[in-house]
Amino acid sequence: MAQPDRKLTLGIDIGTFESKGVLVDETGRIVAQAARPHEMIVPRAGWAEHRAEEDWWGDFVFITKLLLAESQVDPQEIKAVAASAIGPCMLPLDAAGSPLMNGVLYGVDTRAVEEIDLLNAEIGADVILARCGNALTSQSVGPKILWLRRQRPELWAKTAKIVTSTTYLTWKLTGRYVIDHYTAANFSPLYDIAKQDWCFDLADICQPGMLPTLMWSGEIAGQVTEAAARETGLVVGTPITCGTIDAGAEAVSVGVAEAGDMMMMYGSTIFIIEIAAKRLTDPRLWHAPWLFKGQHAAMAGLATSGTLTHWFRDHFARDLPKDTAFATLTAEAEASPPGARGLICLPYFSGERTPIHDAHAKGAFFGLNLTHGRGEMYRAALEGIASATRHITDTYAEAGSPPKRVLAVGGGTKNRPWMQATSDLTGLDQIVCKITTGASYGDAYLAALAVGLAQPGDIAGWNPVDYTVPAQSHAAYAKHYKIFRALYEQTKDLMAELS
């Protein structure tokens with residue numbers, strides 16, 4: 001029921017396996033929240049997809065309706081809406097704005113390896129890095145557009161627009177095709193990092209009119225149309241922001257704002273964002289303008305993290321009830337000492353993104369003997385992810401931008417041994433804020449900023465610090481990390497042969 005003068009914002013995030021939404025008032029208090037799971041489609045090894053209409057827009061509509069119904073909020077009280085979603089994605093649309101295929105997901109989808117090689121040979125890897133700010137990797141959208149053109153000519157002939165997940169949501173809500181600069185920087189070699197504009201002179205990949213209009217994340221992209229109002233229950237004319245990738249909104253939600261602030265997101269993948277004092281040009285990391293004009297961000301991400309824990313549960317804990325399986329696995333892992341009794345896991349179960357950028361990398365458990373059980377294997381998997389995370393934080397230091405403050409967020413923060421192993425292996429304390437809802441909460445804050453219901457810096461009051469996970473030293477980790485790094489280097493050629 002409506003309350004006098006109450007002003008709310010709606011934030012919705014479409015994740016890899018789950019979508020979440022929150023209604024938040026002008027003090028940052030969560031009025032209502034809802035979630036809906038969905039699946040990641042893996043048609044073949046190295047591919048990862050979502051259904052745009054069902055998983056992206058369908059979840060947005062479902063969650064919005066559910067929030068309105070369960071909270072009894074008057075839609076007139078919602079003063080702005082912001083959305084985020086997994087990305088960067090590649091989705092071709094026809095002239096009517098209808099999807100022509102499933103959305104191709106971010107760096108976990110490695111289908112465009114051949115196109116990356118072709119573009120590097122044609123343009124030059126050094127030219128791409130200098131012009132676009134990013135080396136071509138599985139995270140890059142440009143090669144995936146080229147894959148569509150080369151491998152699916154019948155679909156390419158019908159393609160009028162190429163969009164990412166957030167663009168699709170904004171299109172459905174407002175009828176406008178827009179994209180934020182932070183997301184667009186992942187479209188290498190189609191984005192000029194210095195000019196902060198699209199560029200089409202490096203390669204013949206697509207025509208200028210096929211890409212969305214560039215905006216900043218907090219700008220208003222448009223208003224809810226009559227058609228969108230009928231589907232969602234929102235009021236016609238409600239302001240909609242440009243939106244961003246889920247990780248960007250996640251970082252905002254925990255107060256990442258100053259140079260040296262680093263977000264460590266524990267989700268289906270580990271994703272890291274650091275606000276950098278200057279533009280970092282290192283091919284092992286990704287670079288983009290931050291959500292706000294004048295700021296820089298350096299990003300990194302693993303390919304499988306939470307996804308690996310789900311894989312482990314589904315294959316090695318079939319005897320356990322699904323709703324309690326992770327609690328049991330966690331207890332078994334905690335019963336095993338740091339180092340998992342000499343067991344090491346390479347977590348490259350879907351290739352790897354930063355810093356090795358190797359689509360052929362493979363997962364492995366190394367050092368197995370007859371004394372090892374499920375608890376050791378699960379602990380080794382968590383420590384393997386933590387070791388890969390240390391590889392990333394070491395890379396930031398080598399690039400001249402070691403983190404000053406690490407803020408952890410995401411569902412994985414509830415996994416005690418995973419969090420502790422990450423602090424211990426990286427040597428970095430991790431700050432956890434009171435509200436761990438994540439990207440949807442950051443979206444609600446961005447929406448409030450866009451219409452003047454919040455000011456820069458208010459997020460510290462909206463979401464204060466709850467506790468810190470301090471780094472501890474373990475002799476086993478010092479030894480195992482060296483073996484972890486050597487294990488990949490000594491087997492990567494064999495991994496490629498298996499591909």
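The values are calculated or read from the model by the stated rules, or taken from the named source; none is laboratory data. Here the structure is a predicted model, which is why all the values come from computation and not from measurement. A quick note on method: Cβ atoms are made from the backbone with ideal geometry, for glycine too, and the neighbour counts reach across all protein chains shown.
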Selection over the stretch 342-352 where residues are in a loop (DSSP other than H, G, I, E, B) and more than 17 Å from Glu489 (Cβ to Cβ) yields a count of 3
Over the stretch 366-380, the set of residues in contact with a Cys (Cβ under 8 Å, 6 or more places away or on another chain) and either under 19 Å from Gln472 (Cα atoms) or not in a helix (DSSP H, G or I) (or both) is Phe366, Ala380
Among residues of the stretch 388-433 being part of a helix (DSSP H, G or I) and among the charged types (D, E, K, R), the residue nearest to Gly339 (Cα to Cα) is Asp424
Might you let me know whether the stretch 174-195 holds any residue that is surrounded by fewer than 19 Cβ atoms within 10 Å (Cβ to Cβ), under 25 Å from Glu115 (Cα atoms) and hydrophobic (A, V, I, L, M, F, W, C)?
yes
Output for Cβ contacts, cut-off 9 Å, separation at least six or different chains, first residue without any contact (Cβ under 8 Å) to a residue 60 or more places away in the chain and under 17 Å from Pro153 (Cα atoms) in the stretch 90-107, second of a type in the set (Val, Ile, Thr) and assigned to a loop (DSSP other than H, G, I, E, B), reads Leu100/Thr159; Val104/Val141
Filtering the stretch 345-404 for residues that are under 13 Å from Arg284 (Cα atoms) and of a type in the set (D, E, K, R) leaves a count of 5
**OP:** Could you check, for the stretch 469-476, whether at least one of its residues is more than 25 Å from the chain's Cα centre (by Cα) and assigned to a helix (DSSP H, G or I)?
**Re:** yes
Scanning the stretch 434-454 for residues that are in a helix (DSSP H, G or I), of a type in the set (Gly, Ala, Ser) and more than 18 Å from the chain's Cα centre (by Cα), the one surrounded by the fewest Cβ atoms within 10 Å (Cβ to Cβ) turns out to be Ala450
Checking Thr110, Thr16 in turn, the sole residue that is crowded, with 19+ Cβ neighbours inside 10 Å, out of contact with any helix residue (DSSP H, G or I) (no Cβ under 9 Å at 6 or more places or on another chain), assigned to a loop (DSSP other than H, G, I, E, B) and at negative phi turns out to be Thr110
Within the stretch 437-468, restricting to residues that are in contact with a strand residue (DSSP E or B) (Cβ under 8 Å, 6 or more places away or on another chain) and of a type in the set (Val, Ile, Thr), the one that is nearest to Ala35 (Cα to Cα) is Thr437
The residue from Lys144, Lys158 that alone is buried (at least 17 other Cβ atoms within 10 Å of the Cβ) and either charged (D, E, K, R) or over 29 Å from Tyr348 (Cα atoms) (or both) is Lys144
So, first residue more than 24 Å from Asp109 (Cα to Cα) in the stretch 183-202, second residue basic (Lys, Arg) and at pLDDT below 95, Cβ within less than 8 Å, six or more apart or across chains; the pairs are none
Counting only residues in the stretch 303-349 that are more than 25 Å from the chain's Cα centre (by Cα) and touching a residue at least 60 places away in the same chain (Cβ under 8 Å), the one farthest from Gln420 (Cα to Cα) is identified as Phe316
Among strands (runs of 3 or more DSSP E) completely within the stretch 235-299, the ones holding 1 or more residues that are without any contact (Cβ under 8 Å) to a residue 60 or more places away in the chain are 270-276
Filtering the stretch 455-471 for residues that are over 18 Å from Thr27 (Cβ atoms) and surrounded by 13 or more Cβ atoms within 10 Å (Cβ to Cβ) leaves a count of 3
Given (1) free of Cβ contacts under 8 Å to residues at least 12 places away in the same chain; (2) under 16 Å from the mean Cα position of the chain (by Cα), Arg29 misses just (2)
Residues of the stretch 255-286 being surrounded by fewer than 22 Cβ atoms within 10 Å (Cβ to Cβ) and of a type outside the set (A, V, I, L, M, F, W, C), in sequence order, are Glu258, Gly260, Asp261, Lys278, Arg279, Thr281, Asp282, Pro283, Arg284
By residue number, the members of the stretch 424-451 that are of a type in the set (Gly, Ala, Ser) and within 15 Å of Met265 (Cβ to Cβ) are Gly438, Ala439, Ser440, Gly442
With the first residue restricted to the stretch 365-380 and required to be surrounded by fewer than 14 Cβ atoms within 10 Å (Cβ to Cβ), and the second required to be of a type in the set (Lys, Arg), Cβ contacts under 8 Å at 6 or more apart or on different chains are Thr371/Arg341
When (1) modelled with pLDDT of 95 or more; (2) not in a loop (DSSP other than H, G, I, E, B) are applied to Ile205, the one that fails is (2)
The residue from Asp192, Asp197 that alone is charged (D, E, K, R), under 19 Å from Cys132 (Cβ atoms), modelled with pLDDT of 95 or more and touching a Leu at 6+ places or on another chain (Cβ under 8 Å) is Asp197
Going through the stretch 407-436 in order, the residues found to be more than 30 Å from Arg485 (Cβ to Cβ) and in contact with a Gly (Cβ under 9 Å, 6 or more places away or on another chain) are Cys433, Ile435, Thr436
Picking from Thr213, Thr164, the residue that is closer than 21 Å to Gly15 by Cα, assigned by TED's automatic domain parsing to the domain that holds Ser138 and among the hydroxyl-bearing types (Ser, Thr, Tyr) would be Thr164
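The rows are residues; the columns are (1) assigned to a strand (DSSP E or B); (2) hydroxyl-bearing (Ser, Thr, Tyr); (3) surrounded by 23 or more Cβ atoms within 10 Å (Cβ to Cβ).
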| residue | (1), (2), (3) |
| --- | --- |
| Thr9 | yes, yes, yes |
| Ile12 | yes, no, yes |
| Ala35 | yes, no, no |
| Trp47 | no, no, no |
| Glu53 | no, no, no |
| Trp56 | no, no, yes |
| Gln76 | no, no, no |
| Lys79 | yes, no, no |
| Ser84 | yes, yes, yes |
